[in-house]
Structure formats: structure tokens, C-alpha cells
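Trainee: Could you have a look at this structure, given as C-alpha cells, before my questions?
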2 protein chains.
Amino acid sequence: MKVIDGKAVSAKVLTECQAEVTSLKAEGISPGLAVVLVGEDPASQVYVGSKVKTCEEIGIYSRKIVQPVDISEERLLEIVHELNVDNAIHGILVQSPLPSHIDEAKIVEAIDPAKDVDGFHPENVAKLTLEDSTGFVACTPAGCMRLLEEYGVETAGKEVVVVGRSMIVGKPMALLLVARGVDATVTIAHSRTNDLAAVCRRADILIAAVGRPEMITADFVKEGAVVIDVGVNRVDDATKKRGYRLTGDVDYQGVAAQCEAITPVPGGVGPMTIAMLMKNTLKAARQIG
Amino acid sequence: MKVIDGKAVSAKVLTECQAEVTSLKAEGISPGLAVVLVGEDPASQVYVGSKVKTCEEIGIYSRKIVQPVDISEERLLEIVHELNVDNAIHGILVQSPLPSHIDEAKIVEAIDPAKDVDGFHPENVAKLTLEDSTGFVACTPAGCMRLLEEYGVETAGKEVVVVGRSMIVGKPMALLLVARGVDATVTIAHSRTNDLAAVCRRADILIAAVGRPEMITADFVKEGAVVIDVGVNRVDDATKKRGYRLTGDVDYQGVAAQCEAITPVPGGVGPMTIAMLMKNTLKAARQIG
């Protein structure tokens, strides 16, 4: 059994990014990422902080824009429009979730698709579906693909089961895996799937993206499967100082022994997401120039 | 075994369309469809002819625009732009295939998404992926969904296998079937799938969209499955006056007996495609006003 080391692969991706930053700067392009944070959600603050810190580490200019939780939708749209025309900014990310009085889809659609490094704009969703590689792929599924590549996991003709059908992970993951050149046979399973365990047991590669702690147990996993755990769930744990521990969608202890390879949580998919955000920002900088 | 009668369902859809035309006209909206045909491909001429004829039958204004095969891309784009701003036109369809000197994607992207009744514009592809029902769904997969509904075929929790991953049928079909409220467990299989027969035998509902005559034989079909055959293939047949016969992707004679229900070719999915085009045109007219 191999543990898929997301930290190591993420470090490798960031080293690539650093080289690309150097090369962009030599051409007179200084890549920049704007991160907009609305309100004071602690988890969002942590995510935004990590993104800004990673930018600094690899030499990407970053601008953190913090706004109060009662900001109007109109004002937030204005901020996005300003960033769209700001030549110092190549990537724009509005941290999710937004307060309920703001229409998140409307904000995403206001972002210039050429700067939509989260890959959530409809134009980038369409490009993914249409297998047009000029678009931006959502960072988490892009990170999962990179892990499979780095560990030499063959996809062509393999059975992949993606559990979860969200637009952030499940669907883009399925679309990436079924695309020409990747060529997996992809099943999308979800909460309404009958006998989910039996469906998952078909998988040569199992992608868990359901958001339910440790629901993928040993009886869901075929001997020798590769398991990618996208879940990040907080579970109460009195033995931890902060009162909880992070766990994936997969029962790692119960499943690991029978896997060919598996991602841990934390240290698996998580670190890849920020690394792919950096990659997307540099792709945007390269395309915009 | 039930034969799924596409002609009958299509007639029902067209009757609904007729009523909607009457109601739109009462509100002062006269729905119109423009069909652009480039060159003299005989099959395209037949398709365009049927579309125009169906418009006439149900009271939709239609405009057939025939252009020479050597039309420039620029001129074709101009025609599309003119139709985009033409108040008499609510739906625009550029018949595929286009000559090779014209970038088909560019033409599709030039169509106003609000008039893209073929459902091929990236904005409509994104809406389908994002489960936004304000968009237009490609006519053939929409027609397949309507057949399943009309015959009371349960989809929630069922295993569906879609064979084929084209943007015209396979992918939109999979996205429709996995959407919330439809809730099928969907597998997308294709030419690179290992042991395609075994994968297909899992299907409660099997959608064949590969474009290979009669490749889905009895060993691909589970006893009691519902089979939807999207294929329309020409096979040489000296006994026919025209020298060929039309056949689906499914070996109907070999498969039918073990099915719960099956679409014939012709007379299955085929007639639904034009009916759903009419539906889309009326939806466009209703939305544009």
C-alpha cells in the first residue's frame, strides 16, 4: 500500500510555479492574484490566509480584499469589475461561502472568465465539458488529476467511480476522467444511488467527494483500488485541543490496507488545491500577458 | 416487451407545441425559427426540409437560408449576427456539418445563447452542467428524456449506462440523468472502455450513442432493461431501392425480446429530435417575448 503524499506533490507543483514566475517576470509579466473575503468566517480566514502566504512564497503578487459581512451585492460586483480591469491582477477569487443576501452565481459570472482561476465561471465550466483546454479547471479536481499522474495511476479503460455530483468536485472530476486522452469509464454515484457499496466496489479508482465523515468503509473498496479522498470534515474530538479533528470521507484506518494507494486526510488532496490555484494564476498571467 | 413509439410521443409533443403557438400568438408573439444550410449535402437538405415542414405544420414561422458551400466564415458570421437582432426570429440553427474552411465552434459561439435552440452554445452547455433549467438542452438527449418520462421509466437510483461521450448526445445525456430530481447512477462508457458488454449489462437503462451499426448485441443487455437507441447508421442493402437501410447502434432483432422496452430505428429517438427543436423554439419565443 502506498500513501499518496499530497504535501510532496504540492511542493513539486509549487517549485514548478516558482520557475514559471521567474520566467514570466523575465518577460516583464508580474503575476498577481486578488482574493476577496467577505465577513469573518474563521475557516474562510484560514483558507484566504494560506492562499496569500503561498503567493508570497513563490513570488506571486497578492492582494487581500476584506469586506464586511453586510457589504451590498452591488458593491461586491463593483469590486469584481475593478479587479477585472486591473492590469496587476491576473487571477480573481471570491472566497466561498458568501452571506445569504448575495447571489453567489451572479458574483462568479461577473468575474472575467480569463481571470477566473477558481474555474467556476460558466464559460470555464463549458470549456471543461467541451474538452477545451484553454479554460480553467476547478482546483480540487485538477489537484486530484495531478496526484493520479504523479503516482503513475493508469486511467485509460479503468473503472472510476466518483461519489458526489457537486459542481466543485464531483462533476468536473467525472468530466476530466472521461475526456479523450484520459479515457476512464466513469460512474457518477451520489446519495440516491442504490447499494452504493456495491457500485464503489467496481472502482479501480474511487474518488470520494460526499462530505460525510468516514462513510466509505472497507466494504466499499475493491482489493487493489486507488482511493482519492476529497472530503474534509470536522468531527468532534475532546482529546484535541481545538475540540475537533479533521477527517476525510474515507475510513482511512479501515480501508488503507486493501488499497493499492490512498490519500490521507490531511496531507492528501488538501495541499493540492492551493498548488493548483497557483498554477491557474500563472496560466492566467501567461494568457493575459 | 414494449416498443417505445417515438412517432406517437413526437406527435403528442407537437400537439402541445401547437397549443403553445396559439397561446403565444394570442399574446402577440409569433414564434420564428431560422435554419441556415451551407452547401448541398443531401442528408442536411433532408434534415432542414423536415425542420421547415414541421414548423409549417404547427404554425411556427420559419426562414430557410441557403448559402453556397464556399461562403466565407465572415459572411456566415454576419448572417448569424443579423438573425441575432431579428425580432421575427427566436431560434437560430446552423445545420451541421459545415465545410472544413469554417470553424464550427466559432459559428455556434456567435449565436445569441437566448436563440440557441440546438443547445450547443457554451452558455447552454454550462447551464446544463450547472443544472440551470433556463438554458436549452440539445434536442436529441432532451428527446430521449421525454421518451423515458412518457413511458413511466423510473430513473431515481437506477443504473444507467450511456455508451458514447459526444457533446451532441453522450455527455448531455449523462448530465441530464445524473441531475438532482432525475437521480440516476450514470456510467459513461466509450470506445476505450474495457469489456464494454459487461459494463452495459449493469444497465437498467442503456443509452446507445456510438454511431456503429448494431454493435449492441444481446450479450450487452440485461434481462428487463430499457434500451434507447440513438444511432442512425446507413448500411448497404441491395434489396432496398435506395441501396441502403437505416439501422441503429442496437441489434434490435437480437436484443428486443429480453428488453422491458426498446426504441426502434427508425421511429424511436429520431422523430423526437425535431419535436424537441420545436419545443426549444417556443421556449425561446416565450423567454424573449
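The values are calculated or read from the model by the stated rules, or taken from the named source; none is laboratory data. Note that the coordinates shown come from a computational prediction; the quantities given were computed from them, not determined experimentally. Because the Cβ atoms are built from the backbone with ideal geometry, glycine has one as well, and the counts that use them run over all protein chains shown.
Trainee: Quick check on region B:214-228. Is at least one of its residues in contact (Cβ under 8 Å) with a residue 12 or more places away in the chain, more than 9 Å from chain A (Cβ to nearest Cβ) and under 18 Å from the mean Cα position of the chain (by Cα)?
Mentor: Pass one, region B:214-228, residues in contact (Cβ under 8 Å) with a residue 12 or more places away in the chain: B:214-228.
Retained after the next criterion (residues that are more than 9 Å from chain A (Cβ to nearest Cβ)): B:214-228.
In the following step, the residues that additionally are under 18 Å from the mean Cα position of the chain (by Cα) were identified as B:227-228.
The answer is yes; a qualifying residue exists.
Trainee: Right, here's the next one. If you go through region A:168-188 one residue at a time, do you hit one that is in contact (Cβ under 8 Å) with a residue 60 or more places away in the chain, on the phi < 0 side of the Ramachandran plot, in a loop (DSSP other than H, G, I, E, B) and away from chain B (no Cβ under 14 Å)? Let's see the steps before the verdict.
Mentor: Within region A:168-188, the first condition is being in contact (Cβ under 8 Å) with a residue 60 or more places away in the chain, and the residues that meet it are A:169.
This time we only want the ones that are on the phi < 0 side of the Ramachandran plot, so: A:169.
With in a loop (DSSP other than H, G, I, E, B) added as a condition, the list becomes A:169.
Then drop every residue that is not away from chain B (no Cβ under 14 Å), which leaves none.
No: region A:168-188 contains no residue that is in contact (Cβ under 8 Å) with a residue 60 or more places away in the chain, on the phi < 0 side of the Ramachandran plot, in a loop (DSSP other than H, G, I, E, B) and away from chain B (no Cβ under 14 Å).
Trainee: Further question: Given the structure, is B:Ala198 among the hydrophobic types (A, V, I, L, M, F, W, C), within 16 Å of A:Arg202 (Cβ to Cβ) and in a loop (DSSP other than H, G, I, E, B)? Don't jump to the end; show me each part of the working.
Mentor: Numbers: among the hydrophobic types (A, V, I, L, M, F, W, C): yes; within 16 Å of A:Arg202 (Cβ to Cβ): yes; in a loop (DSSP other than H, G, I, E, B): no.
Taking the combined requirement at face value, the residue does not satisfy it.
Trainee: What number of residues within region B:140-168 satisfy the criterion of being surrounded by 23 or more Cβ atoms within 10 Å (Cβ to Cβ) and aromatic (Phe, Trp, Tyr)?
Mentor: 0
Trainee: OK, next. Inspect region A:229-247 for any residue being farther than 25 Å from B:Ala203 by Cβ, away from chain B (no Cβ under 14 Å), buried (at least 18 other Cβ atoms within 10 Å of the Cβ) and out of contact with any helix residue (DSSP H, G or I) (no Cβ under 7 Å at 6 or more places or on another chain) and give the result as yes or no. Break it down stepwise before answering.
Mentor: Our first condition is that a residue be farther than 25 Å from B:Ala203 by Cβ; within region A:229-247, this holds for A:229-247.
Add one more test, that the residue is away from chain B (no Cβ under 14 Å), and what stays is A:229-247.
Still in the list and also buried (at least 18 other Cβ atoms within 10 Å of the Cβ): A:229-232, A:247.
Imposing the further condition that a residue be out of contact with any helix residue (DSSP H, G or I) (no Cβ under 7 Å at 6 or more places or on another chain) reduces the set to A:231, A:247.
Yes, region A:229-247 has at least one match.
Trainee: Here is a further query. Only one of these conditions is not met by B:Glu109: (1) touching a residue at least 24 places away in the same chain (Cβ under 8 Å); (2) assigned to a helix (DSSP H, G or I). Which number is it?
Mentor: Among (1) touching a residue at least 24 places away in the same chain (Cβ under 8 Å); (2) assigned to a helix (DSSP H, G or I), the lone unmet condition for B:Glu109 is (1).
Trainee: Based on what the data block shows, is A:Lys115 without any contact (Cβ under 8 Å) to a residue 40 or more places away in the chain, under 27 Å from A:Val36 (Cβ atoms), in contact with a helix residue (DSSP H, G or I) (Cβ under 9 Å, 6 or more places away or on another chain) and basic (Lys, Arg)?
Mentor: Numbers: without any contact (Cβ under 8 Å) to a residue 40 or more places away in the chain: no; under 27 Å from A:Val36 (Cβ atoms): yes; in contact with a helix residue (DSSP H, G or I) (Cβ under 9 Å, 6 or more places away or on another chain): yes; basic (Lys, Arg): yes.
Taking the combined requirement at face value, the residue does not satisfy it.
Trainee: Would you check if A:Val137 is within 23 Å of B:Val160 (Cα to Cα) and crowded, with 21+ Cβ neighbours inside 10 Å? Full working, then the answer.
Mentor: Values: within 23 Å of B:Val160 (Cα to Cα): no; crowded, with 21+ Cβ neighbours inside 10 Å: yes.
It is false that A:Val137 is within 23 Å of B:Val160 (Cα to Cα) and crowded, with 21+ Cβ neighbours inside 10 Å.
Trainee: Just checking, which of B:Leu148, B:Leu196 is touching a residue at least 12 places away in the same chain (Cβ under 8 Å) and closer than 17 Å to B:Ile4 by Cβ?
Mentor: That would be B:Leu148, the only listed residue that is touching a residue at least 12 places away in the same chain (Cβ under 8 Å) and closer than 17 Å to B:Ile4 by Cβ.
Trainee: For region B:118-140, name all the residues that are outside any loop (DSSP other than H, G, I, E, B), over 13 Å from B:Gly6 (Cα atoms) and more than 10 Å from every other protein chain (Cβ to nearest Cβ).
Mentor: From region B:118-140, those outside any loop (DSSP other than H, G, I, E, B) are B:122-129, B:139-140; that's our starting set.
Subset that is over 13 Å from B:Gly6 (Cα atoms): B:122-129, B:139.
Across region B:118-140, the qualifying residue is only B:Cys139.
Trainee: Sticking with this structure for a sec: Go through region B:240-289 and give me each residue that's under 16 Å from B:Glu20 (Cβ atoms) and at pLDDT below 95. First the steps, then the outcome.
Mentor: Going through region B:240-289, the residues under 16 Å from B:Glu20 (Cβ atoms) turn out to be B:274-289.
Listed by number, the list holds a single entry, B:Gly289.
Trainee: Of the residues in region B:204-252, how many are part of a loop (DSSP other than H, G, I, E, B), farther than 28 Å from A:Val199 by Cα and of a type in the set (A, V, I, L, M, F, W, C)?
Mentor: Counting residues in region B:204-252 that are part of a loop (DSSP other than H, G, I, E, B), farther than 28 Å from A:Val199 by Cα and of a type in the set (A, V, I, L, M, F, W, C) gives 2.
Trainee: Then there is this: With A:Val80, A:Val66, A:Val85 as the choices, which residue is modelled with pLDDT of 95 or more and closer than 25 Å to A:Gly270 by Cα? Steps first, please.
Mentor: Details: A:Val80 fails: closer than 25 Å to A:Gly270 by Cα; A:Val85 fails: closer than 25 Å to A:Gly270 by Cα.
When all the criteria are applied, what remains is A:Val66.
Trainee: Scan region A:183-197 for residues that are surrounded by fewer than 18 Cβ atoms within 10 Å (Cβ to Cβ) and either of a type in the set (S, T, N, Q) or more than 20 Å from A:Ile262 (Cβ to Cβ) (or both) and jot them down. Give the steps one after another, and end with the answer.
Mentor: Residues of region A:183-197 surrounded by fewer than 18 Cβ atoms within 10 Å (Cβ to Cβ): A:191, A:194-195, A:197.
Once the filter is applied, which keeps residues that are surrounded by fewer than 18 Cβ atoms within 10 Å (Cβ to Cβ) and either of a type in the set (S, T, N, Q) or more than 20 Å from A:Ile262 (Cβ to Cβ) (or both), region A:183-197 yields A:Ser191, A:Asn194, A:Asp195.
Trainee: Of all the residues that make up region A:198-231, how many are out of contact with any strand residue (DSSP E or B) (no Cβ under 9 Å at 6 or more places or on another chain) and of a type in the set (A, V, I, L, M, F, W, C)? Outline the logic, then answer.
Mentor: Residues of region A:198-231 out of contact with any strand residue (DSSP E or B) (no Cβ under 9 Å at 6 or more places or on another chain): A:198, A:218-219.
With the extra rule that they be of a type in the set (A, V, I, L, M, F, W, C), the set shrinks to A:198, A:218.
Residues meeting the conditions: 2.
Trainee: Read through the list (1) surrounded by 16 or more Cβ atoms within 10 Å (Cβ to Cβ); (2) of a type in the set (Asp, Glu); (3) closer than 30 Å to A:Val226 by Cα, then give the number of the only condition that A:Glu123 fails.
Mentor: The single condition A:Glu123 does not satisfy is (3).
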